[in-house]
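A short write-up of the structure that comes next.
Nothing in this text is a laboratory measurement; each read-out follows from the coordinates by a stated rule. Because the structure is predicted, anything quoted here is derived from the model rather than measured. So basically every Cβ, Gly included, is an ideal-geometry build from the backbone, and we count neighbours across all protein chains shown.
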Amino acid sequence: MSEGVADTTARPVVGARVGGGLRRQWPWLATLAVAVVVPWLFYDWSTGRHSGFVVAMLSQIGMMVIFALSYNMLMGQAGLLSFGHAVLFGLGGYVTAHVVTASKGGGLPLPLELTPLVGGVGGFLSAVALGYFATKQRATAFAMITLGIGELITACALMFQTFFGGEGGISTNRMTGHSLFGLAYGASIQVYYLIVAWTAIAMVLMLLLTRTPLGRMANACRDNFERAQFVGYDPRVVRFFQFALSGFFAGIAGALYTLTYEIVTFDTVAAPMSANALLMTYIGGVGVFAGPVVGAVLIVLLQSWVSLLSNSWLVYAGVLFIMMVTFAPGGLAGLVQMHGPIWRAGRLGRLVGPYLRLIVPALLVLLGFVLAVELCSFLTIGAAQGKSLTVHGVAIEPRRAAPWAVALLLLGGGGLWLRQAMGRFAAAWGRVSDEIKAPGGRP
Amino acid sequence: MEVLLVSLLNGLVYGMLLFMLASGLTLIFSMMGVLNFAHASMYMLGAYFAYSVSRLIGFWPALVVAPLLCGALGAVIEMYALRRVHRNGHIAELLFTVGLAFIIEKTVQMAWGLLPVPYRVPPVLDRALFHIYGSNFHAYRAFMLLVSVAMFAAIWLLLTRTRIGLVIQAALTHPEMVGALGHNVPRVFTIVFAGGSLLAGLAGVIGGNYLVTEPSMAATMGPIVFVVVVFGGLGSLAGCFIASLIMGLVQTFAVVLDVSFADLLARLGVTVTSSTPLAEILTIPLPRVGALLPYLMLILVLLVKPRGLMGTRDT
């Protein structure tokens, strides 16, 4: 009787919540669907093989999404700037490599699907050990301690043979013969789907974590740690828990790295990997949960494609990063969020024209900048490597004055035009936001 | 004994080089709150500028020109970029300098190539100055010591004997109050940033040919300079000086003293074999651990004294 009552009252509520949840979560489901489908778009039906490049890139995106989100648990949600996040990623990877090797030897019949959990525990335990020191401090002191820890572990990884394998790193073989579904995991597409599954799980868990009291308190300690203290919470404990959990997810990402590449070297714990996390998270946007996801996708795409085309991918990444820091501290997600009020008021259409007028000068400046950077690059590095700069079969000689003049003209002229267009765009933006704010401006 | 004396001198030279870098960073960090990740990049640029300039007009003019170029670049960065980013908060400023360090490193690679450039000690100084216990003391080291001591004296006089120096000192601890008294604090910031960059450039000029001038020199020097600044404490040039010397001596002696925990235990009558637990850690010789020591010291000092050795403010 009472059960029946409970049923009738509970069901509609649950149904409404799930239904509403699904409606609100459709971007995530769409992303998941895209992640599942994309490898098949590049499937070569004549040979029956997947594109190795695309699968490798998508796998990289998957693990970097987890890595960036785990970094945002510190940076965005707890206001902790870490310069050694790769340590948690890499240690998770090393632990996984050892466990997979043991599993292959038959000593530990662990299904390969569950090894990311092992990496997570490895990352978690390292975060507990290192976080005990690091989270005693906040702000700049925390940043400096993490920088020190990062350098320390990198030096250790190069020094100790048994656990880290020194400079050569640790290699393993993911075909352990233990699987929940009877898969061999010889093909990288199988590993890719494992990554998709774990990325989805980790994303859901991290999203749910932001809604727990811990996640809320992390926000509170970020915004005003003194008031959080007055309320009765110890900010240090909050920082510690947040750091440890962030280590768990970074460890999962590291484990997926190990499964994909079957080798872990000191690169996984070193500073460039930590900088990568920072770059992805900040460019994507720290203020929004989905921000780091956007950043990770964008950066890996840039990294894979631009680094194929050009030597100077880091210059582009650096300039993009500086532009974001200077003009859009909220990141890409922050930029999108700025349009929220205008979109809700139904005035977004009025901005289409001004946006379109920005495109041409922006492209000119971009072209000029890329040309200048590439000319520079081919003058020294390219020449040393014996390469020459060709665009659609037309060779461009970087020692001549003409291409330089074109680049400078594009940069200068495009820059002036862009500046003017930006001014007009700002005026249009101001008009639209005034209309929204004005009483009666909203129907 | 001879090892001790020679290492002491070498450690002093290295420590003074570190101080030349760290003093500028400490001033910038204390006054503006900006942890300048591009500071070591200025050091690298100083070395590369000096290389190019010295090929054109010789080493001695380069000693003056290259630091001035770095100082001018620092002023431009502060006035036209950092000031704008300042509005977005300290984290944004810090990240801006991280991005700047990226770009400078790649620009150097594009302009001068990936390999080390042959930036050499001038022939006049490329000889032994004197011999102690059979080992040479290189004249260039004495020159480095001379330059850094002269620079130390110049900074000290500037900070204690001039009006701008007094304003800078006051702004180190109470920037808001200095602004309230009617001093142009943004201009003081520009001066300090340019001056810090100039010092870093100078360190690059005299350090670049002593060590190696290569695109990764900023990345190897940067973290160590940070360690020195944080170790010495915010807002304290004296702390920075002591920390630089400690770091220079520690790193030099770590290279020279070939001992390990196993040797220490052997004296106590315990022999370490490959089957002993933690044998790998115990038998590792000190020179290989040398690179770790600065970071160990950093972590320890921040845990025990979060303000650093002689810091006057929280980091």
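Taking 60 Å as R0, compute the FRET efficiency from the Cβ-Cβ separation of B:Val255 and A:Leu356 and round it to 0.05.
Taking R0 as 60 Å, the efficiency between B:Val255 and A:Leu356 is 0.45.
So what J values fall out for the stretch A:297-309 if you push phi through Karplus, 6.51 cos²θ - 1.76 cosθ + 1.60 with θ = phi - 60°, rounded to Hz, Gly and Pro as x?
4, 4, 5, 5, 4, 4, 4, 6, 7, 5, 6, 6, 8
Within the stretch B:178-224, which chymotrypsin sites (Phe, Trp or Tyr not before Pro) sit in a loop by DSSP and count at most 14 neighbouring Cβ atoms inside 10 Å?
Sparse-neighbourhood loop chymotrypsin sites (Phe, Trp or Tyr not before Pro): none present.
In degrees from 0 to 90, rounded to the nearest 10, what is the angle of the helix B:139-161 Cα long axis to the longest principal axis of chain B?
Long axis of B:139-161 versus the principal axis of chain B: about 40 degrees.
Per-residue ellipticity at 222 nm for chain B, helices alone: DSSP H runs ≥ 4 residues times -39500 (n - 2.57), over residue total, nearest 500 deg cm²/dmol?
Taken over chain B, the calculation gives -23000 deg cm²/dmol.
Can you check what the net charge comes to around A:Leu371, using other residues whose Cβ is under 14 Å from the Cβ of A:Leu371 (Lys, Arg +1; Asp, Glu -1)?
Every neighbour counted, the sum reads -1.
Between A:Phe243, A:Phe163, A:Phe230, where does the largest GNM mean-square fluctuation fall for chain A, given springs only between Cα atoms within less than 10 Å?
Looking only at A:Phe243, A:Phe163, A:Phe230, the largest GNM fluctuation is found for A:Phe230.
In whole Hz, with x marking every Gly and Pro, tabulate ³J(HN,Hα) for the stretch A:178-192 from phi via Karplus 6.51 cos²θ - 1.76 cosθ + 1.60, θ = phi - 60°.
Along the stretch A:178-192, the couplings run 10, 8, 6, 10, x, 8, 8, 6, x, 7, 6, 5, 5, 5, 4 Hz.
Around B:Tyr119, with a cut-off of 11 angstrom between Cβ atoms, what is the net charge of the other residues, counting Lys and Arg +1 and Asp and Glu -1?
Taking every other residue near B:Tyr119 into account, the sum is +1.
Between 0 and 90 degrees, rounded to the nearest ten: what's the tilt of helix B:163-173 against the longest Cα principal axis of chain B?
For helix B:163-173, the angle is close to 70 degrees.
Pop a pseudo-label 7 angstrom from the Cα along the beta-carbon direction at both B:Glu2 and A:Leu32 and give the gap in nm to one decimal.
The answer from the label model is 7.4 nm.
GNM on chain B, C-alpha springs below 10 Å: top fluctuator among B:Val185, B:Val230, B:Val256?
Highest fluctuation of the listed residues: B:Val256.
Label points 7 Å out from Cα along the Cβ direction at A:Trp40 and A:Leu416: separation in nm?
5.4
Among A:Leu209, A:Leu41, A:Leu125, whose mean-square fluctuation peaks in a Gaussian network model of chain A (Cα, cutoff 10 Å)?
The residue that fluctuates most here is A:Leu41.
Can you give the local net charge around A:Ser82? Use residues other than it whose beta-carbon is closer than 15 angstrom to its beta-carbon, Lys and Arg +1, Asp and Glu -1.
Summing Lys/Arg as +1 and Asp/Glu as -1 gives +3.
Between B:Ser52 and B:Arg84, what is the label-to-label distance in nm when each label sits 7 Å out along the Cα-to-Cβ direction?
2.4
May I ask you to derive the FRET efficiency for A:Leu108 and A:Phe181 from their Cβ-Cβ distance with R0 = 25 Å, giving the value to the nearest 0.05?
Approximately 0.85, to the nearest 0.05.
What is the set of long-range amide H partners of B:Leu129 at a cut-off below 5 Å, with H atoms built 1.01 Å from backbone N?
B:Phe137, B:His138, B:Ala139
Taking chain B as the reference, fit the longest principal axis to its C-alpha atoms, fit the long axis of helix B:39-57 to the helix C-alpha atoms, and give the angle between the two in degrees, 0 to 90, nearest 10.
Between the helix axis and the principal axis of chain B, the angle is about 80 degrees.
So what's the back-of-envelope 222 nm ellipticity for chain A, counting only DSSP H runs of four-plus at -39500 (n - 2.57) apiece and dividing by all residues, rounded to 500?
-25000 deg cm²/dmol
In whole Hz and in residue order, list the ³J(HN,Hα) couplings for the stretch B:28-33 that follow from phi through the Karplus curve 6.51 cos²θ - 1.76 cosθ + 1.60, θ = phi - 60°; x for Gly and Pro.
Along the stretch B:28-33, the couplings run 5, 4, 5, 7, 9, x Hz.
Express the relative contact order of chain B as a whole percentage, based on alpha carbon pairs under 8 Å and six or more residues apart in sequence.
The value is 32 percent.
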